[in-house]
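Participant: Just passing along the structure, written as structure tokens.
The values are calculated or read from the model by the stated rules, or taken from the named source; none is laboratory data. Values in this document were obtained by computation on a predicted structure and should not be read as measured data. Cβ placement follows ideal geometry from the backbone for every residue including glycine, while neighbour counts extend to all protein chains displayed. Quick note on the areas: whole protein, heavy atoms, side chains included, nothing else; ligands and nucleic acids left out. Shrake-Rupley method; radii C 1.70, N 1.55, O 1.52, S 1.80 Å.
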Amino acid sequence: MLMTESASLVVMKFGGTSVGDVSRVKRVAEIVGEYRESNPGVGVVVVLSAMAGETNRLVALAKECVERPNPRELDVLLATGEQVTVALLAMRLNEMGIPSKSLLAPQVRIATDSRHTNAQIEEIECATLLEALREGGVPVVAGFQGIAGSGDITTLGRGGSDITAVALAAALKAETCFIYTDVAGVFSTDPRVCGEAKLLERVSHEEMLEMASLGAKVLHTRSVYFAMRYAVPLIVLSTFAGPFEPGRNGTWIVNEEELMEKPVVTGVTLRLDEAQITIEAMPSSIATMAALFDGLSERDVYIDMISQESVGGDAVNVSLTVPDEQSVTALETIRALVPSLRANGVTVERDIAKVSVVGIGMRYHTGVAARVFRCLARENIDVQMVNTSEIKLSVLVARKYCDAAVRALHAEFIPEGATVSAKG
Ligand code: ASP
Ligand code: MG
């Protein structure tokens, strides 16, 4: 459980590019100063990432030193990236006459479990932060790190400073959690693929979750879970594009009830990092299916899509998709099972893409699948697999069709309107 207290305050989180060098740290200090000036009486808690590239540099150092870094020591090393930026920002704020203190996770007490390099937050103590706020200062908290019960430093997994920010906002009952990054917010699709991509003014937590796990990389998925569970209003915006201004810079991520409009489709996403594995000519029975998926689950393989196609007699081809990084494990596991499953063999296909349409409006509308298939048929794009949930429909297509599929679905579902360029 998170300890909660109420006061009028906001959390501002700045990502790696926003604090990428000293001049950018100075810019962040100005943004904090400007916010305080135009919102007197509102407390500000800042959460920072390490400078862009720093965590990667530290990981590389560790790997240069030993082949398999000890996770406890890796966490001690990785946590240093955020220690640098929080100290620099606090210095700068003090210089500007804004009292400020940097705080590392053990000082706040951001308590986590002891799963090094992928720890989960269990509890946040608010006392130190509230004390700093009462004194009129700006606490600057190191994101991404925590402290285990043993007193050891932990980290929350790559990209984890978003989680720190949202968890702090939940614990402190912040009015808003601002996530400052290098893009203007959440777009209706990837602007690099589709020139018609629009900056969205509002999306629901649930849509954001689907979009994040389907390829929109703007926020850490676990931070969106937190935001949804504790009803933390989030704003994602660019550090480099001036103040928050819906439609120009920033997207609200809110509870579904707060959405005025519920378009059928809010976003079109794409993912290129999955592999399709096909088990060929396997005698179809529920027992062989169970044996196949038991084998994969024992190796912790995450399976996304599944389909089965009859190839004559009682034989079927079973296809499934897995994350690229697990494709070797999945392939090994299935190869070992092929004899006992009495299948013909197994193949892997990596030239695929998963394209999805996402929208809470899909709950209230029928015919979305029909429109998706009609639209792709017009473009002569073959669909190899399909996966649906209440608010999304994903299709697997050959990679060469990915961009065309995204553009066609975007044109089909996303109403035309003002477009905003991706970079601020
Ligand atoms: N610095 C950490 C990383 O690069 C955490 C973060 O930036 O969110 O993964
Ligand atoms: Mg990030």
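Participant: If only one of 12, 51 is within 16 Å of ligand 1 (Cβ to nearest atom), aliphatic (A, V, I, L, M), touching a residue at least 12 places away in the same chain (Cβ under 8 Å) and in a strand (DSSP E or B), which one is it?
Facilitator: 12
Participant: Condition first: farther than 25 Å from residue 302 by Cβ and modelled with pLDDT under 95. Can you find one or more residues in segment 383-401 that meet it?
Facilitator: no
Participant: Can I ask one more? Kindly provide the set of residues from segment 85-99 that are in contact with a Leu (Cβ under 9 Å, 6 or more places away or on another chain) and either basic (Lys, Arg) or surrounded by fewer than 19 Cβ atoms within 10 Å (Cβ to Cβ) (or both), ordered by number.
Facilitator: 99
Participant: With a cut-off of at least 3 residues that are open to solvent by 10 Å² or more (accessible area, probe 1.4 Å), touching a residue at least 60 places away in the same chain (Cβ under 8 Å) and on the phi < 0 side of the Ramachandran plot, name the helices (runs of 4 or more DSSP H) lying wholly within segment 314-424.
Facilitator: Here the list reads 402-413.
Participant: A further question on this structure: Look through segment 236-250, keep the residues that are within 15 Å of ligand 2 (Cβ to nearest atom) and hydrophobic (A, V, I, L, M, F, W, C), and return whichever of them is surrounded by the most Cβ atoms within 10 Å (Cβ to Cβ). Break it down into steps so the answer makes sense when it comes.
Facilitator: From segment 236-250, those within 15 Å of ligand 2 (Cβ to nearest atom) are 236-239; that's our starting set.
Applying the additional criterion that residues be hydrophobic (A, V, I, L, M, F, W, C) yields 236-237.
Numbers: 236: 27, 237: 25.
Looking at the filtered set, the residue picked out is 236.
Participant: Within segment 127-136, can one find any residue that is of a type outside the set (Lys, Arg), within 16 Å of ligand 2 (Cβ to nearest atom) and either within 21 Å of residue 10 (Cα to Cα) or in contact (Cβ under 8 Å) with a residue 12 or more places away in the chain (or both)? Working first, answer last.
Facilitator: Initially, segment 127-136 is screened for residues of a type outside the set (Lys, Arg), giving 127-133, 135-136.
Now drop any that are not within 16 Å of ligand 2 (Cβ to nearest atom), which leaves none.
There is no residue in segment 127-136 that is of a type outside the set (Lys, Arg), within 16 Å of ligand 2 (Cβ to nearest atom) and either within 21 Å of residue 10 (Cα to Cα) or in contact (Cβ under 8 Å) with a residue 12 or more places away in the chain (or both).
Participant: Residue by residue through segment 54-72, note down the ones that are among the charged types (D, E, K, R) and not in a loop (DSSP other than H, G, I, E, B).
Facilitator: 54, 57, 63, 64, 72
Participant: At pLDDT 95 or above, more than 23 Å from residue 36 (Cβ to Cβ) and of a type in the set (Val, Ile, Thr): is that true of residue 108 in this structure?
Facilitator: No, not satisfied.
Participant: List pairs: first residue in segment 147-163 and basic (Lys, Arg), second residue within 8 Å of ligand 1 (Cβ to nearest atom) and open to solvent by 10 Å² or more (accessible area, probe 1.4 Å) anywhere in the structure, Cβ distance under 8 angstrom, at least six positions apart or on different chains.
Facilitator: Listed by first residue and then by second, the contacts come to 158/55.
Participant: Right, next: Look through segment 148-177, keep the residues that are open to solvent by 20 Å² or more (accessible area, probe 1.4 Å) and farther than 28 Å from residue 355 by Cα, and return whichever of them is nearest to ligand 1 (Cβ to nearest atom). Even if it seems obvious, please write down each step before you answer.
Facilitator: Looking only at segment 148-177, we keep the residues that are open to solvent by 20 Å² or more (accessible area, probe 1.4 Å), and these are 149-153, 158-159, 173, 175.
This time we only want the ones that are farther than 28 Å from residue 355 by Cα, so: 149-153, 173, 175.
On the way: 149: 22, 150: 22, 151: 22, 152: 18, 153: 14, 173: 23, 175: 23 Å.
Ranking the qualifying residues of segment 148-177, first place goes to 153.
Participant: Identify, from the list 92, 115, the residue that is more than 28 Å from residue 23 (Cβ to Cβ), out of contact with any Cys (no Cβ under 9 Å at 6 or more places or on another chain) and among the basic types (Lys, Arg).
Facilitator: Step by step, each of 92, 115 is checked, and only 115 is more than 28 Å from residue 23 (Cβ to Cβ), out of contact with any Cys (no Cβ under 9 Å at 6 or more places or on another chain) and among the basic types (Lys, Arg).
Participant: Sticking with this one: Which residues, counting only those in segment 22-44, are of a type in the set (A, V, I, L, M, F, W, C) and assigned to a helix (DSSP H, G or I)?
Facilitator: 22, 25, 28, 29, 31, 32 - these are the residues of segment 22-44 that are of a type in the set (A, V, I, L, M, F, W, C) and assigned to a helix (DSSP H, G or I).
Participant: Let me ask another. Among the residues in segment 207-223, are any within 18 Å of residue 175 (Cβ to Cβ) and within 16 Å of ligand 1 (Cβ to nearest atom)?
Facilitator: Taking segment 207-223 first, the residues within 18 Å of residue 175 (Cβ to Cβ) are 223.
Okay, now just the ones that are also within 16 Å of ligand 1 (Cβ to nearest atom), so 223.
Yes, the conditions are met somewhere in segment 207-223.
Participant: Is it the case that residue 221 is touching a helix residue (DSSP H, G or I) at 6+ places or on another chain (Cβ under 8 Å), over 18 Å from residue 406 (Cβ atoms), open to solvent by 10 Å² or more (accessible area, probe 1.4 Å) and β-branched (Val, Ile, Thr)?
Facilitator: yes
Participant: Could you list, in sequence order, the residues of segment 206-235 that are in contact with a Lys or Arg (Cβ under 7 Å, 6 or more places away or on another chain) and either modelled with pLDDT of 90 or more or in a loop (DSSP other than H, G, I, E, B) (or both)?
Facilitator: 214, 215
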